[in-house]
């Protein structure tokens, strides 16, 4: 039986589309930073297995900024950004891979419930994520803002910027996006 999607589903799909486009941008930005670090700072003669998993990439970037003396001045900023990026990726993964329980009522502001089975500590567990209308809009915006920030971080690592120039560039990004990087939890409540 063919059935047209409801207006609620269309609105949900529009919001999710923004999330996925911004998420792809962020994934590429993280890869740009990773590649810049590998190209400019790692010894090609040392055996090295490039991280492929998103969270392994962000962990590698954190370690680089923590351990490289020229970049330690950005350690706290990079840690905060990568922690947030991992959190945003988790919310995006819930939307991408979870079971959407119901989108009826999205236009009226009803919450959307998504269930996702994940392996935690060797056990399969069911997590329920609740997204409000605002959570979905915020998640798309935060993914985009962090993608811009991480892209600029890659440009900084690729060039020979002084500490002063790097801080100015990152400050400029924050002002361009309208204030500090967002910190609200975009995915709403989740529990097991």
Theoretical FRET efficiency, 1/(1+(r/R0)^6), r = Cβ-Cβ of residue 101 and residue 40, R0 35 Å, to 0.05: 0.15
Sequence ranges 117-127, 19-29, 97-107, 133-143, ranked by mean other-Cβ count within 10 angstrom, highest first: 133-143, 19-29, 97-107, 117-127
Residue 117-residue 66 FRET efficiency (beta carbon distance; Förster radius 25 Å; 0.05 resolution): 0.15
Euclidean distance between Cα centres, segment 7-76 to segment 83-124, Å: 21
Length gained when the stretch residue 167-residue 134 is fully extended (0.36 nm per residue, less Cα-Cα span): 8.7 nm
Ascending count of other beta-carbon atoms within 10 Å, so fewest first, for 45, 132: 45, 132
Simple spin-label estimate for residue 83 and residue 13 in nanometres, 7 Å along Cα-Cβ: 3.9
Segment 7-191 - convex hull of the alpha-carbon atoms, volume per residue in Å³: 123
Sites residue 75 and residue 158 - FRET efficiency at Förster radius 22 Å, r taken between beta-carbons, to 0.05: 0.75
Quarter of Cα convex hull surface for segment 58-116, i.e. mean projection, nm²: 5.3
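Throughout, read-outs are computed from the coordinates displayed, never taken from laboratory work. For clarity, every value in this text was computed on a predicted model and none was experimentally measured. Glycine gets a Cβ as well: all are built from the backbone with ideal geometry, and neighbour counts include every protein chain shown.
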